[in-house]
Every structure is written in C-alpha cells, then in structure tokens.
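The structure under discussion appears below in the form of structure tokens.
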Amino acid sequence: MTISRHNIFIIILSLGFLFLIGHTTQAQAQDTQNFTLPLDCTLNQDCWIANYLDVDKTDGAQDFNCGPRSYDTHKGTDFAITDRLAMEKEVNAVAAADGTIMRFRDGQDDWPPIMTEEIQEAQLALFDANKGCGNGVFIDHGNGWKGIYCHLKKGSINVKKGQKVKAGDKIGLVGQSGFAQFPHIHLGLYHNDKIIDPFSGKTADEGCSKPDDINPLWDQSLHIEYDPVVFYAAGFKNGAPDFDSIKIDATSAHSYPADIKALTFWFALYGINDGDMIDVEIRDPYDLVFARQEIVQKGNKIRQFYFTGKKINRPLKAGEYHATATLTRMQGGIAPIRRKISRTLRIEDASQSENTHQ
C-alpha cells in the first residue's frame, strides 16, 4: 500500500484520543479558562504554529479565521519546533493550565526524522490501534476543562496519575511519536467533552468566525495571534540544500571561504497558499544582486521548502552577503499579506578561510 505525504497529513488523530477522554460534570456556560503554551518556547522565535483546529464539518479543512491552516478533522493546535536537533537538545512539554493528571501513555518510539513508505505504513498501524496520539498526557484542568498533550518523546513523561500540576510545570519533552512527521506538541482542549478552539473559544462545529466574534482562551500576556503564513527557518548552503538534512538540522552557515563552488539561500514556511508570490534575493558586499528568483506557489501546503542561488566559477568577493525571501499574498481588495525572512553570511578572504564554518 502506498501512502503519500499529503495523505499522512490528513490522517485524523481522534481515535488516538479515545483512550484519554472521560466523562466530566456538566460545567456552567460561563466557565472560562486561560491557557499558556504547552511547550517551553518563545512563539515565532523557536517554536511555531504548524496547524490550527479544523472547524470545517465537510471533507475540507478550515481554521477558526476561515483560512486553510489546518487539515481535515484535525482536533487541536500543533506547536512545532525548528528541527530534530532541537528535539534532541530537549524542549520541555508543559501543562498549559493548572490541573490534575488523569492518564498518560509512554513507551512509543519517536519516528526517524525522514519519512519513508515503511514508516508511513507503521504509522497507519498505530492509528488502527488507537495510538495516533503517541506518547501523551491527559490533564483535568477543572470546571469541565481537559487537555490532551500528544507526540511526547519516548521515556520523557515525568508525571503520575493523580498528580497536581501548575501551568508551566514540565510533563515531558517534545517528541515525534504517534502520527507526527516532525517534532511538535499537539494540544487538544475540551470543555464538557466538546473540543474547543483556544483561538476563538468556540466549539469545533461552530465554524469559522469574524475577528470581532471570538473569545480567545490564551493568557493575554502571551499575545498569541493568528498568523496566516509564517517563515520559520532559513540559511545559506555551499551547494544545493538537502531538505531532508535540513529537517534534522536547520542551522545556517555563518561563513564560507571564497572558493566555494556554489552559494544558495534556502527557507521554510508553514501555511503557504496557492498563488502566494515569493521574491528571493541574495546581494553581495557591494549591494549588487548576486542571485534572484520569483516563485509562485502552486497549491496549499502545510510546510514548504524553497531555495535559490547559483554555481560559482571564480572566487567570491569577500565580505557580507545578505539574503531575503519576501512573501506576498494578494487578498482581492484587502491589503496584501507580506512576510519576510533574512539571513547574513560572511565570505572570508583566502587568509581567513581556514577558520570558516562549512
């Protein structure tokens, strides 16, 4: 059986949640709760939202803001870290609010960083066994509120059933267990056993909302806002980048010797849409264009990689090279959305090349 990467994205996690969800006392409609991030990071600096809750009751997918940043039947919010290296260095998964540990599951292996057909088949087997959440923790946050925390790193869960936790307390480490193509935490929130979108405060079956018709559940001090598209990594490479390797280590080179054979600039995004335009440019130490490319995105993608650059047949000019990728999304009469990411690289002259980072 052949499963595409696209199909893996749309596989639901709901069956993986069934082992965790229990009956709660009916809460009053006015019961509210504030939540913090479910991992120890700074949003849009070393972690990013990869997927929002799907509020579309049809076969399609739609986030609370009526955008496409979800996939069919997705039951929560995915907070991703940069790469597998960050996962190995350890990022804490934490309780998003005070509560009591109800259940947990540990012992599932974290998948290798590169997806293969065999791994995808094994993930389907987990799904069939109701273990799509991977290593997970289920917390009773009180007043009918519950939270499920999925894809934790194998062997990292450090809480016990019945244990009291405070918001921000460590419950494990970010991992890649269960249905997970990259290291992240899936946070699913429930009130009286109905899934709630923390960005709107509404149930998943209420559909998307206008900006003035939402009641976010996030702690206001976090300033968590919806972002329709986000750059999350970028860097330079000596030659064409290997995106499988970048998924493992997205570190950018800081300098290269002048005699490299090619120079490229790569970047990665979450939430790119069909028709998005990206202008990519590398400028040399004299502010002259070294390489430039215009890209028009085909199809909506949860995660996308691109690069531009050129081969070199003579030593490069020494000095700083600046690269920028600028995304523009036209919105038909509304101000366009623009996002940008930039990086700087130093090309060393021959006398300094022995100390360069490659």
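The values are calculated or read from the model by the stated rules, or taken from the named source; none is laboratory data. As the structure is a computational prediction, the values presented were derived from the model and not from experiment. All Cβ positions, glycine included, derive from the backbone under ideal geometry; neighbour counts span all protein chains shown.
Tabulated data
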{"read-out": "Selection within the range 265-298 - in contact with a Gly (Cβ under 9 Å, 6 or more places away or on another chain) and of a type in the set (Ser, Thr, Tyr)", "value": "Tyr286"}
{"read-out": "Sole exception among (1) among the aliphatic types (A, V, I, L, M); (2) in contact with a strand residue (DSSP E or B) (Cβ under 6 Å, 6 or more places away or on another chain); (3) farther than 30 Å from Gln108 by Cα for Leu187, by number", "value": "(3)"}
{"read-out": "Selected residue (criterion: nearest to the chain's Cα centre (by Cα)) from residues of the range 135-145 that are closer than 16 Å to Asp169 by Cα and buried (at least 24 other Cβ atoms within 10 Å of the Cβ)", "value": "Gly136"}
{"read-out": "Matching residues, the range 238-287, being part of a strand (DSSP E or B) and among the hydrophobic types (A, V, I, L, M, F, W, C)", "value": "Ala262, Leu263, Phe265, Trp266, Phe267, Ala268, Leu269, Ile272, Met277, Ile278, Val280, Ile282"}
{"read-out": "Scope the range 239-281; condition more than 30 Å from Asp110 (Cα to Cα), charged (D, E, K, R) and either without any contact (Cβ under 8 Å) to a residue 40 or more places away in the chain or touching an Asp or Glu at 6+ places or on another chain (Cβ under 9 Å) (or both); matching residues", "value": "Asp274, Asp279"}
{"read-out": "Counted residues, the range 66-79 - those being closer than 19 Å to Leu269 by Cα and part of a loop (DSSP other than H, G, I, E, B)", "value": "5"}
{"read-out": "Any chance Tyr149 is at pLDDT 95 or above and closer than 30 Å to Ile282 by Cα", "value": "no"}
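For (1) of a type in the set (A, V, I, L, M, F, W, C); (2) surrounded by 14 or more Cβ atoms within 10 Å (Cβ to Cβ); (3) modelled with pLDDT of 95 or more; (4) touching a strand residue (DSSP E or B) at 6+ places or on another chain (Cβ under 7 Å), each residue gets a yes or a no:
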position	(1), (2), (3), (4)
Pro257	no, yes, yes, yes
Thr264	no, yes, yes, yes
Phe307	yes, yes, yes, yes
Arg329	no, yes, yes, yes
Ala335	yes, no, no, no
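A quick yes/no check of all residues on (1) of a type in the set (S, T, N, Q); (2) surrounded by 17 or more Cβ atoms within 10 Å (Cβ to Cβ); (3) outside the structural domain of Ile248 (by TED's automatic domain parsing):
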position	(1), (2), (3)
Leu37	no, yes, yes
Trp48	no, yes, yes
Asp56	no, yes, yes
Gly60	no, no, yes
Asn65	yes, yes, yes
Asp78	no, yes, yes
Leu85	no, no, yes
Ile101	no, yes, yes
